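Here is the structure we will look at.
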Amino acid sequence: MNSALERLSKIISLEAERGYDNRAVMGGLERILESWTQEAHAGGLPARAIQLVESRLRDYDRLSPASREEMLRGLWHNLSGTHAGEPTEELAPTLGGPFRPAVPAMAPDPVAVAAEPAAPASEGAPSPSLSEHAQPQLPAEPPARDLSALKSPLTVIKGVGPQTAQTMERLGLYNLGDLLWFLPRRFVDYSSLKPINRLWYGEVVTVICALDSVETRRTRGGQRVLVEAVVSDGSGALRVTWFNQPWLAQRFRKGDMLALSGRIDQYLGRLTMTSPEWELVERQQLHTRRIVPIYSLTSGLHQKSLRRMMESTVRYWAPRMPEPLPTDLLKNGGWMGMSAALQQAHFPDSWESLRAAQRRLAFDELLCLQIGVLQQKADWEQTRATSFPTPATLPEWKSELGYALTTAQERALGEILADLASGRPMNRLLQGDVGSGKTAVAAGAAYVVAHHQGQVAILAPTSILAEQHFRTFSRFLAGEADHARTPSAYPVRHDEIALLLGATPEPEKAAIREGLASGTIRVVIGTHALLEPTVKFAHLDLAVIDEQHRFGVEQRAALRAKGSTPHLLVMTATPIPRSLALTVYGDLDLALLDEMPPGREPTTTRVMMPTERERAYVYIIGQLRQGRQAFIICPLVEESETTEAASAVEEHQRLQKEVFPEWQLGLLHGRLKADEKEDVMRRFRDGEVHVLVSTSVVEVGVDIPNATVMMVEGANRFGLAQLHQFRGRVGRGPYPSSCLLVADSESEADNDRLKAMEETHDGFILAERDLEQRGPGDFLGTRQSGYADLRLAKLTDLQLIEQARAAARRLYDADPRLERPEHQLLAERLAALWMPGKGDVS
């Protein structure tokens, strides 16, 4: 046997004899790693085997004795390449005797028995031992048959039939691998043990006790069956009650030793436990006496049965999982090994171990996300696109705008123009606060492409915004319809710009499609109608996507696919927090508009209690009498039985009748047909409607310069970033404007959160607060479907993101495609987390 393996065998044997107390080596098993690694390298042991031992022993001190035994068995199984965890013939004397269980023996593992394929071998033939090879020929870690078995259906687990498997599919669980990565949603600490005479009302504890008596009876109405038991532990007695579980009376026997975990209640002055978790003490404790995992459930599935399935799966498979991180990264980062992390993420020995395991798995997710983003960005940069040099007539075009661009607009436009001239496809995110002038910058990009006879498509999420862009881009690119055109300043004629909506009449749609295919239509603005397969371009050169988080990966890819390699500019008025800019949007070049046009006054913001609503109405009426207009936002379309939030339909009727009878009110919500929405917005824009009652559909891009009041009902139900978007709908003209946030709750937490709107107009500060409080959903849209959902990583953990980003950059610089042998397992992990073909550069 290799001398390093022989030494390891002796240490493991001694550790088994000591009951896995981590004392076989003075200071703990991890203390041997440095000297053992040198000996193993000198003895010619394969690098994969050395990495395996290092990753397992580094976390040995964090494990319980039972977990240590499982880990050492799994380690030797992988080193010896045996089947179902049995040692080779040579190592059987070493491992068979000393490997004594540190916990009571358990029944054969149903997952291990069912999922591990039998090895093809002659009957009675011994497994080849390590000593038969001059240099140990270790299998891939774990053997390929092991990993393929993770794809086995759940019916291979003892006790799981087709019906149960079908039930589990509702949780997204189809095979053993899904089960292994189905992490608990929370944990309950039942590890605190107390004698009965020291219990206190309200505490959550575990009691080890003997069953003195058990009986059943029905409640007075006969509706429910009560199982009542009396238990004692020598220090005192306790009454325990279970509801509607009559089978427990037959299950229990007087004198049974039980572990009961739950909350201590009180009845008629005596302490009791109601419906506690229970287990017989002689069995392994899964549901009591430990930190207990709580998994997501679905109808027909019970926590205890799922927990048993999880335990057998994790106990068998976690020790056999390969370590994807390279040794140096694992060691330098001080990360828990993959096997230990999976075990502790499901069944932790302590809260410290749980946090370490969750952080390790979260790091893996962020690392793979960052590497995938770097690879994707490099792929995009290696392709070629049409070059569009900046024309000498651009200053003339700027002079026709009627106002000077801000410094931030000039900087962003300069970055975009450099992209267009580079010969590589632009892939840029233009982000700027509401009213910062993104449209003018995008129009500058469209001007350059149109000047060189290229085709431009602008995709908007709503017909209202598409119509608004149609008017704006027509003015920017073709001039006012009733004014003489200056060809050098306006490179497009009005008949070369088209608007394509879902509600566009079919004959008009057909004419637009024909013009796009022939190239006679050079600029098109539209909604999802642009993405229809029948829409084809002669040569799409620039795609502009507004409010990008409203579009999914597939939709953005569909627009880009309508050209060969078009330049891509995506815009958002939702500021992207730094942590998201480094991760989810790490493949995009960022252009930032962090300056507002001169003369624009900030909107005054006020948080109001429900009792102050009448004051808000009085203020709005005062503005209406001055000739101004107002928005009133409601969180719902129609009244709901489950919430008291104001609904747009009912509120519109009430306000028109009771509050603003002399003014014209309009109603806008997502269930209206496209032509109905357009009619309402046209009337509001033309001043025929004085107050617009709306749902959040007005969040995006609506421009009404005469509107000076934004009143938001149920403001506590919206995120700060969304409220900031609402606020941006007013203050777009020369008049002072106000945003009135009316909470439908007097909760101190809700109103403290809303106070941030009064304190700052900085969208980035609000975005960071929103990310901390509500998570990344408001910023991502469907962006995240480019890779598997993050199970543990939080996109608010900037420190961990920075660690993963630095590690990803080092790995990428050294081995961009992870082709080196030591990176093979990480490449496989990357492929599993980053779904092939689903990544998107926008």
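The values are calculated or read from the model by the stated rules, or taken from the named source; none is laboratory data. Please read all numbers here as calculations on a predicted model, not as lab measurements. Heads up, the Cβs are rebuilt from the backbone with ideal geometry, glycines too, and the neighbour counts pull from every protein chain shown. Note: accessible area is taken over every heavy atom of the protein model, side chains too, but ligands, DNA and RNA are not part of it. Shrake-Rupley method; radii C 1.70, N 1.55, O 1.52, S 1.80 Å.
The residue of the range 172-183 that is nearest to Ser353 (Cα to Cα), among those that are open to solvent by less than 20 Å² (accessible area, probe 1.4 Å) and in contact (Cβ under 8 Å) with a residue 60 or more places away in the chain, is Leu180. Are any residues in the range 583-618 assigned to a strand (DSSP E or B) and either over 30 Å from Val373 (Cβ atoms) or open to solvent by 90 Å² or more (accessible area, probe 1.4 Å) (or both), and if so, which ones? Of everything in the range 583-618, those that are assigned to a strand (DSSP E or B) and either over 30 Å from Val373 (Cβ atoms) or open to solvent by 90 Å² or more (accessible area, probe 1.4 Å) (or both) turn out to be Thr604, Thr605, Arg606, Val607, Met608. Criterion applied to Phe726, Phe718 was being of a type outside the set (S, T, N, Q), under 18 Å from Leu771 (Cβ atoms) and touching a residue at least 24 places away in the same chain (Cβ under 8 Å), and the one residue passing it is Phe718. Scanning the range 285-321 for residues that are more than 27 Å from the chain's Cα centre (by Cα), crowded, with 17+ Cβ neighbours inside 10 Å and polar (S, T, N, Q) yields Gln285, Thr288, Ser312.
For the range 186-219, name all the residues that are open to solvent by 60 Å² or more (accessible area, probe 1.4 Å) and hydrophobic (A, V, I, L, M, F, W, C). Within the range 186-219, Leu193, Trp200, Val204 meet the criteria. Cβ-Cβ contacts under 7 Å between residues 6 or more apart (or on different chains), taken from a first residue in the range 791-820 that is closer than 18 Å to Leu833 by Cβ to a second residue that is surrounded by fewer than 19 Cβ atoms within 10 Å (Cβ to Cβ) and among the small types (Gly, Ala, Ser), are listed as Pro816/Ala378; Leu818/Ala827. Only residues that are outside any strand (DSSP E or B) and either at pLDDT 80 or above or open to solvent by less than 20 Å² (accessible area, probe 1.4 Å) (or both) were counted in the range 567-580, giving 7.
Residues of the range 487-519 that are assigned to a loop (DSSP other than H, G, I, E, B), over 34 Å from the mean Cα position of the chain (by Cα) and either small (Gly, Ala, Ser) or surrounded by fewer than 13 Cβ atoms within 10 Å (Cβ to Cβ) (or both): Pro487, Ser488, Ala489, Ala503, Pro505, Gly519. Quick check on my filter: what residues within the range 322-353 are crowded, with 20+ Cβ neighbours inside 10 Å and in a helix (DSSP H, G or I)? Listed by number, the residues that qualify are Leu330, Met338, Ser339, Ala340, Ala341, Leu342, Gln343, Gln344, Ala345, His346, Ser353. Within the range 790-805, identify whether any single residue is over 17 Å from Gln376 (Cα atoms), in a loop (DSSP other than H, G, I, E, B), at pLDDT 80 or above and under 20 Å from the mean Cα position of the chain (by Cα), and answer yes or no. Yes: one or more hits.
Restricting attention to the range 643-678, the residues being more than 38 Å from the chain's Cα centre (by Cα) and assigned to a helix (DSSP H, G or I) number 7.
When residues in the range 424-455 are screened for being within 14 Å of Met571 (Cβ to Cβ) and part of a strand (DSSP E or B), 6 of them pass.
Condition first: out of contact with any Ser or Thr (no Cβ under 9 Å at 6 or more places or on another chain) and of a type in the set (A, V, I, L, M). Now tell me which residues in the range 282-305 satisfy that. Please lay out each step first, then the result.
Keep residues of the range 282-305 that are out of contact with any Ser or Thr (no Cβ under 9 Å at 6 or more places or on another chain), which gives 282-284, 286, 293-297, 302-304.
Residues satisfying the conditions are Leu286, Ile294, Leu297.
Restricting the range 432-465 to residues that are at pLDDT below 90 and open to solvent by less than 10 Å² (accessible area, probe 1.4 Å), the residue that is nearest to Glu381 (Cα to Cα) is Gly432. Look at the range 650-671 and say how many of its residues are open to solvent by less than 40 Å² (accessible area, probe 1.4 Å) and either more than 20 Å from Ala616 (Cα to Cα) or without any contact (Cβ under 8 Å) to a residue 24 or more places away in the chain (or both). Result for the range 650-671: 2. Only one entry in Ser488, Ser422 is modelled with pLDDT under 90 and polar (S, T, N, Q), namely Ser488.
Taken together, the criteria exclude Phe470 from residues that are open to solvent by 10 Å² or more (accessible area, probe 1.4 Å), in a helix (DSSP H, G or I), touching a helix residue (DSSP H, G or I) at 6+ places or on another chain (Cβ under 6 Å) and aromatic (Phe, Trp, Tyr). Taking the numbered list (1) open to solvent by less than 60 Å² (accessible area, probe 1.4 Å); (2) in contact (Cβ under 8 Å) with a residue 12 or more places away in the chain in turn, Gly222 passes all entries but (2).
Applying the condition of being within 44 Å of the chain's Cα centre (by Cα) and among the hydrophobic types (A, V, I, L, M, F, W, C) to the range 225-243 and asking which residue is surrounded by the fewest Cβ atoms within 10 Å (Cβ to Cβ) yields Phe243.
For the range 1-37, which residues satisfy the criterion of being of a type outside the set (A, V, I, L, M, F, W, C) and over 16 Å from Leu63 (Cα atoms)? Give the derivation first.
Step one: filter the range 1-37 for residues of a type outside the set (A, V, I, L, M, F, W, C), giving 2-3, 6-7, 9-10, 13, 15, 17-23, 27-28, 30-31, 34-35, 37.
Listed by number, the residues that qualify are Asn2, Ser3, Glu6, Arg7, Ser9, Lys10, Ser13, Glu17, Glu34, Ser35, Thr37.
Ile264 satisfies every condition listed in (1) at negative phi; (2) open to solvent by 20 Å² or more (accessible area, probe 1.4 Å); (3) not in a helix (DSSP H, G or I) except (2).
Of all residues in the range 376-423, those being of a type outside the set (Val, Ile, Thr), in a loop (DSSP other than H, G, I, E, B) and open to solvent by less than 20 Å² (accessible area, probe 1.4 Å) number 4. Considering only residues in the range 13-57 that are open to solvent by 30 Å² or more (accessible area, probe 1.4 Å), small (Gly, Ala, Ser) and without any contact (Cβ under 8 Å) to a residue 40 or more places away in the chain, the one that is farthest from Asn332 (Cα to Cα) turns out to be Ala42.
Test Val207 against the stated conditions and say whether it is within 14 Å of Glu277 (Cα to Cα), assigned to a strand (DSSP E or B) and either under 47 Å from the mean Cα position of the chain (by Cα) or touching a residue at least 12 places away in the same chain (Cβ under 8 Å) (or both). Full working, then the answer.
Details: within 14 Å of Glu277 (Cα to Cα): yes; assigned to a strand (DSSP E or B): yes; either under 47 Å from the mean Cα position of the chain (by Cα) or touching a residue at least 12 places away in the same chain (Cβ under 8 Å) (or both): yes.
The answer is yes for Val207.
Screening Thr274 against (1) within 30 Å of Arg198 (Cα to Cα); (2) open to solvent by less than 20 Å² (accessible area, probe 1.4 Å) leaves a single unmet condition, (2).
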